[in-house]
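The values are calculated or read from the model by the stated rules, or taken from the named source; none is laboratory data. Just so you know, these numbers come straight off a predicted model, no measurement behind them. Because the Cβ atoms are built from the backbone with ideal geometry, glycine has one as well, and the counts that use them run over all protein chains shown.
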Amino acid sequence: MERLTTCYLPSYSRAMSSAATTPPSVDKVDGFSRKSVRKAKQKRSQSSSQFRSQGKPIELTPLPLLKDVPAPEQPELFLKKLQQCCTVFDFMDTLSDLKMKEYKRSTLNELVDYVTVSRGYLTEQAYPEVVKMVSYNIFRTLPPSDSNEFDPEEDEPTLEASWPHLQLVYEFFIRFLESQEFQPSIAKKYIDQKFVLQLLELFDSEDPRERDYLKTVLHRIYGKFLGLRAFIRKQINNIFLRFVYETEHFNGVAELLEILGSIINGFALPLKAEHKQFLVKVLIPLHTVRSLSLFHAQLAYCIVQFLEKDPALTEPVIRGLLKFWPKTCSQKEVMYLGELEEILDVIEPTQFVKIQEPLFKQISRCVSSPHFQVAERALYYWNNEYIMSLIEENSSVILPIMFASLYRISKEKNKVAIVALVYNVLKAFMEMNSTLFDELTATYKSDRQREKKKEKEREELWKKLGDLDATLPSHPCPPEPRPLERHGATVFFIFFLLFCIVRLTLR
């Protein structure tokens with residue numbers, strides 16, 4: 001599987017007896033002023049995870065450096081340093097426990113270097129202490145996120161104030177998992193389903209630095225612990241389903257999809273039914289969420305990975321995209337068109353034949369879109385050599401679908417920006433199949449003449465009806481009802497005109 005160099009971690013609540021926190025003061029703000037809103041957002045970006053406050057300074061007993069003690073004593077000292085690092089500090093109070101914070105930071109740095117270069121330190125007694133230290137530091141309650149106010153595309157994310165310690169804990173844990181002495185058979189007693197579940201929940205952290213580390217950690221666990229793989233996939237599946245159908249809010253979707261891209265790449269063939277179901281029931285519906293732009297690149301990569309594994313999945317994937325095609329959001333349409341081009345780059349000719357008609361009907365609608373970027377993105381398909389070869393092989397089917405839209409746009413004066421692209425496409429079609437092109441041109445012109453003739457006849461009929469109405473006498477008061485026989489010819493003529501108009505309209 002592909003190695004990932006960055007990771008994210010989920011956060012969980014834990015009572016930490018050694019933690020020290022002081023509740024931040026709250027200023028009164030006028031909720032109606034722009035300045036107050038900006039001030040509130042600025043404060044929010046500086047918030048941190050919540051730890052329990054002890055209300056008194058924390059003291060740690062200084063220990064000697066690992067390199068300064070004899071080798072036989074280092075494993076025991078290593079365990080003592082791990083226990084000391086279970087202490088969690090309050091970083092929202094920038095003036096509290098400064099000396100002890102710096103001591104813990106230097107100790108974590110020492111532990112990172114130690115697990116990187118040392119040998120023989122990883123005894124069986126070290127595994128529970130390592131997992132305990134990591135759990136005490138990373139599993140915590142994340143700051144609440146108000147999805148109504150926070151826009152991940154525009155607003156600054158909430159950064160973790162305790163990052164100076166958290167980063168080193170993540171670095172240590174990654175080096176621990178990558179160590180040549182690491183034994184999954186021992187570690188599986190402590191890195192279990194509960195640990196993974198807490199890890200996955202941390203992916204909702206707003207801090208992109210943390211999610212980046214979590215991504216690496218989860219990938220290493222997936223690679224080392226075969227017994228946890230199915231559980232990890234299932235929990236990611238649950239997170240995505242909750243995201244699509246319930247909350248539409250989860251910060252780590254892009255990172256989880258990036259991990260999945262690597263996992264999908266390692267799937268054995270033939271694909272299991274559960275993997276195919278995940279593609280159709282989870283990945284395709286992910287296209288419907290409003291925040292698609294935040295993770296679309298990773299999602300498209302996963303889709304393409306599936307199709308490279310099993311080309312037979314092409315038809316349900318494309319039909320699924322067409323089913324969820326955006327109707328009112330041009331930005332999403334452009335993303336869909338880009339993803340479709342990536343799919344067409346790997347599609348097999350036999351699969352292309354199955355979906356060419358519904359696909360190019362949608363492309364034809366995109367070419368006719370009033371939004372310039374949508375029409376332009378669709379016309380760029382004809383710059384792709386492989387797609388052009390597929391179109392040429394099936395020009396007898398595709399050309400009739402596309403011709404009317406292209407020819408109509410070529411005659412419109414208000415779409416100057418894309419007329420040049422349309423001319424290039426029409427020229428390519430003419431070179432592919434000149435006979436069919438001429439037939440379609442003649443048919444299109446004939447249809448246009450017929451439509452103009454019908455329009456003219458319709459206008460004349462309405463004019464006659466208007467003239468007839470003008471000739472009828474006007475009465476200040478409703479006239480006395482007269483026998484139908486006296487006006488039979490007039491009534492018949494009026495109904496006849498209406499009948500003709502309706503027929504011309506429906507023809």
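A compact table of results
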| item | result |
| --- | --- |
| Filter result for I259 (in contact (Cβ under 8 Å) with a residue 40 or more places away in the chain and over 17 Å from the mean Cα position of the chain (by Cα)) | no |
| Boolean, Y213 is assigned to a helix (DSSP H, G or I), touching a residue at least 60 places away in the same chain (Cβ under 8 Å), out of contact with any Gly (no Cβ under 9 Å at 6 or more places or on another chain) and of a type outside the set (D, E, K, R) | yes |
| Output for segment 391-403, where each listed residue is surrounded by fewer than 20 Cβ atoms within 10 Å (Cβ to Cβ) and of a type outside the set (S, T, N, Q) | E392, E393, V397, P400, I401 |
| Residue list for segment 428-459, restricted to those being under 45 Å from the mean Cα position of the chain (by Cα) and basic (K, R) | K445, R448 |
| Helices (runs of 4 or more DSSP H) (entirely within segment 415-507) containing at least 2 residues that are within 30 Å of I391 (Cα to Cα) and at pLDDT 85 or above | 416-432, 434-471 |
| Subset of segment 166-212 that is among the hydroxyl-bearing types (S, T, Y) and over 19 Å from C86 (Cβ atoms) - its residue that is surrounded by the fewest Cβ atoms within 10 Å (Cβ to Cβ) | S185 |
| Segment 114-131, residues that are surrounded by 14 or more Cβ atoms within 10 Å (Cβ to Cβ) and either small (G, A, S) or part of a helix (DSSP H, G or I) (or both) | Y114, V115, S118, A126, Y127, P128, E129, V130, V131 |
| Residue count for segment 252-272, restricted to those that are more than 14 Å from R233 (Cα to Cα) and hydrophobic (A, V, I, L, M, F, W, C) | 4 |
| Qualifying residue in segment 277-284 (condition: part of a loop (DSSP other than H, G, I, E, B), in contact with a Leu (Cβ under 9 Å, 6 or more places away or on another chain) and surrounded by fewer than 16 Cβ atoms within 10 Å (Cβ to Cβ)) | no |
| Residue among G252, G266 that alone is among the small types (G, A, S) and under 14 Å from the mean Cα position of the chain (by Cα) | G252 |
| Subset tally (residues that are of a type in the set (D, E) and either surrounded by 19 or more Cβ atoms within 10 Å (Cβ to Cβ) or closer than 20 Å to F250 by Cα (or both)) for segment 294-319 | 0 |
| All positions within segment 348-370 that are touching an Asp or Glu at 6+ places or on another chain (Cβ under 8 Å) and surrounded by fewer than 14 Cβ atoms within 10 Å (Cβ to Cβ) | P349 |
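For every residue, the table says whether it meets (1) among the small types (G, A, S); (2) part of a helix (DSSP H, G or I); (3) over 15 Å from the mean Cα position of the chain (by Cα).
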position: A297; (1), (2), (3): yes, yes, no
position: Q305; (1), (2), (3): no, yes, yes
position: E308; (1), (2), (3): no, yes, yes
position: W325; (1), (2), (3): no, no, no
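Residues are listed down the side, and each one gets a yes or a no for (1) within 22 Å of I363 (Cα to Cα); (2) surrounded by 14 or more Cβ atoms within 10 Å (Cβ to Cβ); (3) in contact with a helix residue (DSSP H, G or I) (Cβ under 7 Å, 6 or more places away or on another chain); (4) among the polar types (S, T, N, Q):
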position	(1), (2), (3), (4)
S405	yes, yes, yes, yes
K415	yes, yes, yes, no
M430	yes, yes, yes, no
T435	no, no, no, yes
K445	no, no, no, no
E459	no, no, no, no
